[in-house]
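Nothing in this text is a laboratory measurement; each read-out follows from the coordinates by a stated rule. Quick caveat, the model's predicted, so the values are computed rather than measured. Backbone-built Cβ (ideal geometry, glycine too); neighbour counts: all protein chains shown.
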Amino acid sequence: MLMAAASITPGCLADYPTRLIRLRRAAIGDCGRLWSRRPSYDLVGRGPIGILPPVMKTIEIDRAVLHALENRRARVVVSTGAGVSAESGVPTFRDANGLWKNVRPEELATPEAFARDPRRVWEWYEYRRGVVRTVLPNPGHCELVRWERHFSEFTLITQNVDGLHRLAGSVQPIELHGNIMTSRCHECGQQSGEIGFDGTGELPRCQCGGLIRPNVVWFGEQLPAGALEKSWEAVQSAEVFLSVGTSGVVQPAASLARLAKSSGAFLIEVNPEDTEVSYMFDAVLRYPSGIVLPAVGRRLGIAE
Ligand code: APR
């Protein structure tokens, strides 16, 4: 058990400062304007960069994947990780330029680290909030909005705290690890909108006197009550389970694939790289999610 925090409700649009929503929505109108149409290519580039144009190859999609998803009444569960936001410019954690390459999680993403040096922890989360404020959903996020509309029983579970699924228009993503753009009291858990800390002056405090912290789940803390149970419920009755852009090493999210497997679901991994749990999957799509998910949607004839 890695993560615990009492009674956090996943962030929702209501938690975002309206001006931010307005600005970004005005900019994109959720996926409607940004990616109202799928990228017009099912190609992916491989090969030398710079000198010669990359060799563009048509994406190969395992027939079993299309077969598993062809029935729109199928119970589909998609579980995403940092990789689904990589093409938006949000760093992942464990890739070559991942966030954990230069710092140890224990130093910044634990209640102990916050107790030890809350200013340093805030500094790091403000840096990450700064990144999230400047990025937009990518075609991968937007394709999952289409799938939510298409499949009669569709569940989206995410470990991501960037809120990009919501901003893309996903109606009910289960945000297992919270939401970096919102805050709450470290003592009483009181939600406190988007209060932050710019590194100067007093640390922000709650009326109860407790320190305010980012509304995310840290290592060693409990996941939000209800979110995990809802995920388990959906996974246990899933007919198709997709793991998109996660290395599958952080529990309890990493156990969802195993639960889906033992419940008889058809397992699909979407990740350009092999992961520690790839052996469990019935089919893999070794492409960036922002390219391959729209390609699958196109092949299935899912409406734009
Ligand atoms: N499309 C799909 N997958 C991608 C892409 C992409 N464009 N780019 C990278 N990936 C894959 C990587 O190959 C890697 O397997 O995404 C995965 C990202 O793995 P991690 O960085 O470990 O992120 P994640 O699995 O989400 O981490 C889980 O760990 O640090 C904690 O709380 C944090 O929620 C996070 C949890």
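Label-to-label distance, Arg116 versus Cys208, with points set 7 angstrom from Cα along the beta-carbon direction: 2.5 nm. Placing dummy labels 7 Å off each Cα toward the beta-carbon, the span from Leu259 to Ala96 is 3.5 nm.
The phi torsions of the range 80-93, fed into the Karplus equation with coefficients 6.51, -1.76 and 1.60 and a -60° offset, translate into couplings of 10, x, 4, x, 5, 9, 4, 6, 8, x, 8, x, 7, 9 Hz, rounded to whole numbers, with Gly and Pro shown as x. Peptides 195-207, 251-263, 87-99, 169-181 ordered by packing proxy, namely the average of other Cβ atoms within 10 Å per residue, highest first: 169-181, 251-263, 87-99, 195-207.
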